[in-house]
């Protein structure tokens, strides 16, 4: 599994619009064959901070995701909403070895 935590800090006036655009993207992303899991979480003590938890079955699936129409639409839609550039941090699972996601 290839796991990416995308840390996003949104300008306060765009929180609702960001959530709407991101839920649309996540809904479509979850349907991709190569995606095992796609979560959107919001920090409880700072509503402007989000993490996208993206779990890909392969490295190729991660690359393919970035070519989809829904990702490209999301990327362009939320670009101006960011308080700072988003940061993706890559992980690999160590337990369970095959999570079954």
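Evaluate the distance, in nm, between pseudo-label points positioned 7 Å from the Cα of residue 24 and of residue 90 along their respective Cα→Cβ axes.
Each label point is offset 7 Å from its Cα along the Cβ direction, giving 3.0 nm.
Express the relative contact order of the chain as a whole percentage, based on alpha carbon pairs under 8 Å and six or more residues apart in sequence.
Once normalised by length, the contact order is 45 percent.
With axes computed from alpha carbons, what is the tilt in degrees of helix 15-29 against the longest principal axis of the chain, rounded to the nearest 10 within 0 to 90?
Helix 15-29 and the main axis of the chain meet at about 20 degrees.
Roughly how many whole Å is it from the C-alpha centroid of segment 1-38 to that of segment 39-71?
Rounded to whole Å, the Cα centres lie 4 Å apart.
I'd like the orientation of helix 69-78 relative to the chain: the angle between its Cα long axis and the longest Cα principal axis, in ° from 0 to 90, rounded to 10.
30 degrees
Taken together, the values in this text are just the output of simple stated rules run on the coordinates, not laboratory data. Predicted model only: the values in this text are computed from it and were never measured. Neighbour counts are summed over all protein chains in view; Cβ atoms, including those assigned to glycine, are modelled from backbone coordinates with ideal geometry.
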